[in-house]
Amino acid sequence: MTGAAPLISLKGVTKRFGSLTVLHDIDIEIEAGSVVVLIGPSGSGKSTLIRCINGLVRPDEGALTVAGRAVDIHDEGAWQRLRTEIGMVFQDYALFPHLSVLRNMTLAPQRRRKLSRTEAEHEARKLLARVGLAHKAEDYPSALSGGQQQRIAIVRALAMAPMAILFDEPTSALDPETISGVLDVMRDLAREGTTMIVVTHEMGFAREVADRVVFMAEGRIVEQGPPGEFFANPRQERTRAFLANIRSFGEPAHA
């Protein structure tokens, strides 16, 4: 670490849904250019945590700082501005079915980045070529495989030139044969220094690409560390039990 201030910092973040507290006093920092992978059992709060970073879920308490700027968690305008700077890739692609691939990719850059249509289309075509899908620019999402749609969802996020990208289980809805193409795109982004926060069950990806693995359970961060240390020598019993359970049932594809 260089000692520089983190790109994203959450302190004391708590989220409740009615009487249920799903995040308990979360502290986490994300350095620029790093890949942080969140793992844990279903219902542990992983997806809620990353959604609290861009306001898709509003924290009830706590502080969020992004690129040195404090974010007012009660101000919708602040969240709207932040969403133009932090990309999001969902497990269900979230492409607009009535728009072509090219239009899916150019809509936000034109509206939010104020690019001309020509500029936005030029950038979009370059990004599509980067993931081997330039020939799909005029197609509609229904004509694409799940893996193709997810690769397009990733480069659509890139089209906004974000400072970081959040991934919410990006391979969980995919056929096993299409997962590798999506993970390859994410590996390329990691090698290029893209700041990424990834919720995933792909332990092999976490071992290979993550700078830090964060294990969550019951709305709390239980343990975190570099992947080599984390997987080889987990310190907490709850972490050891989770990893043993994964191994006993066979690790996910690409592990």
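Bear in mind that the values in this text are calculations on the coordinates, not laboratory data. These figures come from a predicted structure and were not determined experimentally. Quick reminder, even Gly has a Cβ in these numbers, built from the backbone with ideal geometry, and neighbours come from all protein chains shown.
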Per the charge dipole of the range 25-179 (beta-carbon charges, Lys/Arg positive, Asp/Glu negative, Cα centre), the residue among Tyr140, Ser47, Ile179 reaching farthest to the positive end is Tyr140
Rounded to the nearest 5, what is the percent of antiparallel bridges among the DSSP beta bridges in the chain?
-> 55
Helix axis angle, 146-158 relative to the chain longest principal axis, alpha carbon, degrees | 90
Angle between the chain longest axis and helix 176-191 axis [Cα atoms, degrees, rounded to 10] = 90
Which of (i) 1.01; (ii) 1.07; (iii) 0.95 gives Cα Rg over 2.2 N^0.38 Å as computed here? It is (i)
Indicate the gyration tensor shape class of the range 29-76 (rounded, prolate or oblate), computed on the Cα atoms with a ≥ b ≥ c the square roots of the eigenvalues: a/c under 1.5 is rounded; otherwise a/b larger than b/c is prolate and the rest oblate.
-> oblate
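So which chymotrypsin sites (Phe, Trp or Tyr not before Pro) in the range 1-97 are both in a DSSP loop and have at most 14 other Cβ atoms within 10 Å of their Cβ? Each step should come with its number before you reach the end.
Values: sites: Phe17, Trp79, Phe90, Tyr93; in loops: Phe90, Tyr93.
Here no chymotrypsin sites (Phe, Trp or Tyr not before Pro) fit, given the DSSP loop and packing criteria.
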For each of Ser142, Ser44, count neighbouring Cβ atoms within 10 Å of the residue's Cβ, then give the residues from fewest to most.
-> Ser142, Ser44
One would report the antiparallel percent of DSSP beta bridges in the range 85-231, rounded to the nearest 5, as 40
Helix 117-130 sits at what angle to the longest principal axis of the chain, using alpha carbons and giving 0 to 90 degrees rounded to 10?
-> 60
Descending packing, highest mean Cβ count within 10 Å first, for 169-181, 46-58 is 46-58, 169-181
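Work out the length of the dipole vector of the range 95-162 about its Cα centre, built from +1 on the beta-carbon of each Lys and Arg and -1 on the beta-carbon of each Asp and Glu, and round it to the nearest 20 debye. Mind dumping the intermediate values first?
Values: 12 positive and 5 negative charges, 50 e Å.
Roughly 240 debye, rounded to the nearest 20.
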Residue with peak Gaussian network fluctuation, the chain [Cα springs, cutoff 10 Å], from Ala78, Ala143, Ala120 | Ala143
Using a Cα distance threshold of under 25 Å, what count of lysine pairs results for the chain when pairs must be 8 or more residues apart or interchain?
-> 5
May I ask you to evaluate 6.51 cos²θ - 1.76 cosθ + 1.60, the Karplus curve with θ = phi - 60°, for each residue of the range 229-234 and list the ³J(HN,Hα) values in order in whole Hz, giving x for glycine and proline?
-> 5, 4, 6, 7, 9, x
So which trypsin sites (Lys or Arg not before Pro) in the range 160-255 end up in coil per DSSP with only 14 or fewer other C-beta atoms within 10 Å?
-> Arg235
